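Shown next, in structure tokens, is the structure this report addresses.
The values are calculated or read from the model by the stated rules, or taken from the named source; none is laboratory data. A quick note: this is a predicted structure, and the numbers were derived from the prediction, not measured. For neighbour counting, all protein chains shown are included, and Cβ atoms are generated from backbone atoms with ideal geometry for every residue, glycine included.
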Amino acid sequence: MNAIQIFALVFVLWMTYFSFLHFRRGEFSFWEFSFWQIIWLGMAFVVFFPQSINVVFEKLHFARAFDLLTVVGILILFGATFRNYVIVRRTDKRLEDLVRKIALK
Amino acid sequence: MKTIAIMPAFNENERLQQVVREVSSLVDHIVIVDDGSKSALSDQLVSNSSVTILRHIINLGKGAAMKTGVLWSISHNYEVAVFIDADGQHDPNEIPVLLQPILENRADIVFGVRKFHGRMPFVARFGNFILTAAMQVLYRIQVEDTQSGYRALRLSASEQIMWTSPRYSVETEMIVNAGKHKIPYVQVPITTIYHDKYKGTTIIDGIRIMINLLAWRFL
């Protein structure tokens with residue numbers, strides 16, 4: 001096992017612990033917990049068996065696995081940013097409606 | 001026509017009492033929207049039957065406070081509202097001038113237009129010039145002072161005029177909505193009073209308003 005694999009393993013265990021903690025506290029549903037668990041286990045699998053994704057990046061014409069990782073990472077970041085934006089807007093609107101409702105009571 | 005003054009206020013203690021005293025003789029009622037002030041304004045104002053104080057439990061912004069005031073006024077059957085700042089930047093004696101075009105059925109919304117003189121901070125003058133020009137180019141609406149908050153509104157037109165901006169874009173959005181729905185409007189000259197040049201719209205607000213102007217036009 002090389003250094004990057006040890007680092008990845010620690011990271012995966014750490015995130016698994018946090019996902020489980022949120023699940024036990026009732027902040028994650030079983031499906032949310034399962035979703036994140038699949039992500040962490042998938043990461044662990046790729047770190048230990050890097051050649052397993054060769055077939056993916058060859059089909060997508062990426063020269064290196066790292067390129068694929070970068071593109072996927074950026075897409076996820078944009079997706080997450082959009083989702084956060086929507087949630088903040090919705091929360092803002094709800095907060096405004098609630099504060100107004102209390103004021104007009 | 002039943003008239004009401006809507007006064008959004010945030011941590012405004014110094015001049016509020018005097019403004020309320022001056023305004024109360026010129027309208028039928030006053031609604032002060034305390035927009036999450038540190039200490040509730042209702043504790044500081046002398047109780048008065050012609051004044052209603054609504055309190056936002058947290059600060060939402062001027063636009064949101066104005067909207068709360070409008071909704072309260074409509075639900076209490078007021079017909080014409082005048083928006084006036086609580087910090088004494090607007091001369092209450094000019095309320096009749098703002099109300100007159102609506103009472104004479106010449107307009108549904110009246111915009112107060114300030115004279116831009118040297119006492120007004122340069123940033124405010126420059127920002128207003130840019131926003132006014134942008135408004136004319138983008139919306140073909142000729143309002144000479146897009147950022148003045150001293151306005152009167154016939155409340156039956158409030159549905160078309162109603163804004164979504166919770167903060168300082170509210171003044172601009174009102175003009176945009178008036179233009180979109182072809183609401184008859186009149187501009188009247190008002191006095192420019194600046195007590196504190198660090199209060200009110202900031203450069204960041206100005207940039208935000210500009211972005212909103214473009215978004216409302218093209219998106």
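Filter region B:28-46 for residues that are of a type in the set (Val, Ile, Thr) and either closer than 13 Å to B:ILE84 by Cα or surrounded by 22 or more Cβ atoms within 10 Å (Cβ to Cβ) (or both) and give the result. Those that are of a type in the set (Val, Ile, Thr) and either closer than 13 Å to B:ILE84 by Cα or surrounded by 22 or more Cβ atoms within 10 Å (Cβ to Cβ) (or both): B:ILE30, B:VAL31, B:ILE32, B:VAL33.
Take the conditions within 14 Å of chain B (Cβ to nearest Cβ) and either modelled with pLDDT of 90 or more or closer than 29 Å to B:LYS67 by Cβ (or both) and apply them to A:LEU13. Does it pass? Criteria not met by A:LEU13. When every residue of region B:188-208 is checked against the conditions, none turns out to be in contact with a Lys or Arg (Cβ under 8 Å, 6 or more places away or on another chain), within 14 Å of another protein chain (Cβ to nearest Cβ) and closer than 23 Å to B:ALA5 by Cβ. Across region A:56-105, the qualifying residues are those that are polar (S, T, N, Q) and more than 30 Å from B:VAL70 (Cα to Cα), and the one among them that is farthest from the other protein chains (Cβ to nearest Cβ) is A:THR70. All conditions but one from (1) out of contact with any His (no Cβ under 7 Å at 6 or more places or on another chain); (2) surrounded by fewer than 22 Cβ atoms within 10 Å (Cβ to Cβ); (3) away from chain A (no Cβ under 14 Å) apply to B:GLY88; the one that does not is (1). Meeting the requirement of 3 or more residues that are of a type outside the set (Ser, Thr, Tyr) and closer than 30 Å to B:GLY61 by Cβ, the helices (runs of 4 or more DSSP H) wholly within chain A are A:65-104.
Given the criterion over 26 Å from A:ASP92 (Cα atoms) and touching a Lys or Arg at 6+ places or on another chain (Cβ under 8 Å), identify the matching residue among B:TYR139, B:TYR185. Result: B:TYR139 is the single residue among B:TYR139, B:TYR185 that is over 26 Å from A:ASP92 (Cα atoms) and touching a Lys or Arg at 6+ places or on another chain (Cβ under 8 Å). Counting residues in region B:192-211 that are modelled with pLDDT of 85 or more and of a type in the set (S, T, N, Q) gives zero. Checking each residue in region B:41-64 for being more than 9 Å from chain A (Cβ to nearest Cβ) and assigned to a strand (DSSP E or B) picks out B:VAL51, B:THR52, B:ILE53. Report the residue count in region B:28-40 for those that are assigned to a strand (DSSP E or B) and within 18 Å of A:LYS101 (Cα to Cα). Residues flagged as assigned to a strand (DSSP E or B) and within 18 Å of A:LYS101 (Cα to Cα) within region B:28-40 amount to 5.
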